[in-house]
Amino acid sequence: MKLDRIALVAAAILVGCTSTTTPSAPEAWIIRPPATGSAVVPAPNAPILRIASTETAPHLRGLVVTAKDGRVRTFVGHEFAAPIGTMVEDALRAGLVNSGRYRFVLASTSTGRADVMVRLRVNRFEIAEADAGWEAIVALSLTVENDERRVTATPSISGTSRCEGETPAAFVAALERALGNALELAPNAVTP
């Protein structure tokens, strides 16, 4: 009798451990900042710009949330579909192309001569707890060089946006808006 109960309990445990439900796949977010206005056609003699390099602060490995007390939390299972630096560089390139100030805007992987080079550093790309709730903060540093590799400017641009909820989807939407706000400042910041 005892042996039958043990076998029955073991069978129940085995059935419980072999559930047919599969864990949900992690979500991968792509950052697409909102489009701002229409593209401006550049002058034929407009300079060529290249984003020479992109660097990302070491703590930016995924969806980062910073509490008021300084604690940093990364959402497990929620990550970006591409490295943050790559997505920000792509968005910066698109914004500079649409500004009409440059004939071409080359990626960091492109070869060829450029009249202006920009080195990009993503310092903040995170959600932070504020007095009024959660907000997305994007902070970028730029180093602008001329064709002789002399530094002509070192602007910093940033953007913020309130989060419309406390879910990863709301956080990502706020990050997109904050990046869009920062990139509106990029053409004026980069132009010598």
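What follows is calculated from the coordinates using simple rules that are stated; it is not laboratory data. Quick caveat, the model's predicted, so the values are computed rather than measured. Here the Cβ is made from the backbone with ideal geometry for all residues, glycine too, and neighbour counts use every protein chain on show.
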- Query: Listed highest first by mean packing, meaning other Cβ atoms within 10 Å per residue, what order do 141-150, 118-127 come in?
  - Reply: 118-127, 141-150
- When the scattering of segment 123-192 is computed by the Debye formula from its Cα atoms alone, each counted once and equally, what is log10 I(q)/I(0) at q = 0.12, 0.21, 0.23 Å⁻¹? -0.38, -0.79, -0.88
- Given a Förster radius of 30 Å and the C-beta distance between residue 46 and residue 156 as r, what FRET efficiency does 1/(1 + (r/R0)^6) yield to the nearest 0.05? 0.75
- Message: Can you compute the modelled spin-label distance between residue 74 and residue 130, with each label point 7 Å from Cα toward Cβ, in nm?
- Response: 2.6
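Can you tell me which of 47-56, 172-181 comes out highest on packing, and rank the rest after it, using the mean Cβ neighbours within 10 Å? Write out the running numbers ahead of the final one.
Details: 47-56: 19.0, 172-181: 22.2.
Sorting 47-56, 172-181 by mean packing, highest first, produces 172-181, 47-56.
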- Item | Whether segment 103-149 is rounded, prolate or oblate, judged on the alpha carbon gyration tensor where a/c under 1.5 counts as rounded | prolate
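What's the magnitude of the charge dipole for segment 65-190 around its Cα centre, counting Lys and Arg as +1 and Asp and Glu as -1 at the beta-carbon? Answer in Debye, nearest 20. Before the final figure, lay out the partial values.
Working: 14 positive and 16 negative charges, 84 e Å.
So the dipole magnitude of segment 65-190 works out to roughly 400 debye.
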- Query: So what is Rg over Rh here for segment 52-168, counting just Cα atoms and using Kirkwood for Rh?
  - Reply: 1.03
- Can you tell me which of 81-94, 100-113 comes out highest on packing, and rank the rest after it, using the mean Cβ neighbours within 10 Å? 81-94, 100-113
